[in-house]
Amino acid sequence: MIAAVAKNRVIGKDNDLVWHLPDDMRYFMETTRHHVVIMGRKNYESIPPKYRPLADRTNIVVTRQQNYNAPGCIMARTIDDALDLAKQKTEEEIFIIGGGQIYSQTLPLADRLYLTEIKHSFEGDTFFPEFDKTNWDEVSRINHGTDEKHQFEFDFVVYQRKI
């Protein structure tokens, strides 16, 4: 899984991000490039049209809508279907990229979390699910302070599920 998460677990509001962190967007793009990304329909629709589908990735969109069309993407009816399709691509890593419902459904299956932990709380309507950090090892943490392009401090953190 990969997500940017506020201190109060907010990941979005009104089907959009509530912060502007260019280095986080670059981290997301570099980390997921050349991998399969699985997302829900609402998350897909939140991506600006000029970036759909996400370049240099196999995009799988999970939706219950039978005739939904997402040009350049593979459609899946369930998370299990999406994971089966992703495994057929023989990818080393499959990334769940959101949104909130997809994260909640797949967190029990995840073995690695790439989280941008934003050190600020925001108002929002979409949240990353709570998880017990004692079940995870922190593999790395890189701090990113505020600067002229980044109003909020954040850390890039990778967690590996304990076996």
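The values are calculated or read from the model by the stated rules, or taken from the named source; none is laboratory data. Just so we're clear, the structure is a prediction, and the values are computed from it rather than from any experiment. For neighbour counting, all protein chains shown are included, and Cβ atoms are generated from backbone atoms with ideal geometry for every residue, glycine included. Just so you know, the surface numbers come from the protein's heavy atoms only, side chains and all, with ligands and any DNA or RNA stripped out. Shrake-Rupley method; radii C 1.70, N 1.55, O 1.52, S 1.80 Å.
Quick notes
- Rounded tilt (10° steps) of 79-88 against the dominant C-alpha axis of the chain: 80
- Put a plus charge on the Cβ of each Lys and Arg, a minus charge on the Cβ of each Asp and Glu, and nothing anywhere else: the dipole of the chain about its Cα centre is then about 400 debye.
- A 1.4 Å probe run over the protein chains yields, for the stretch 3-160, 56 Å² of accessible area per residue, whole-number rounding.
- Carbon plus sulfur fraction of accessible area for the stretch 53-104, probe 1.4 Å, in percent: 43
- Of G100, G72, G40, the residue with the greatest mean-square motion in the GNM of the chain, using alpha carbon springs below 10 Å, is G72.
- Considering all different alpha carbon pairs of the stretch 48-163, the Kirkwood hydrodynamic radius works out to 16.5 Å.
- On Cα atoms only, tilt of 22-32 relative to the major axis of the chain in degrees: 40
- Under Karplus coefficients 6.51, -1.76 and 1.60, residue-wise ³J(HN,Hα) of the stretch 123-136 in Hz, glycine/proline x: 7, x, 10, 10, 10, 7, x, 5, 8, 7, 5, 6, 8, 10
- Amide H contacts under 5 Å for R112: R161, restricted to partners 5 or more places along the chain or on a different chain, H placed in the peptide plane at 1.01 Å from N.
- Flagged links, alpha-carbon separation over 26 Å, of K13/K149; K7/K87; K87/K149: K7/K87; K87/K149
- GNM result for the chain, Cα springs below 10 Å: residue of V61, V18, V37 fluctuating most strongly: V18
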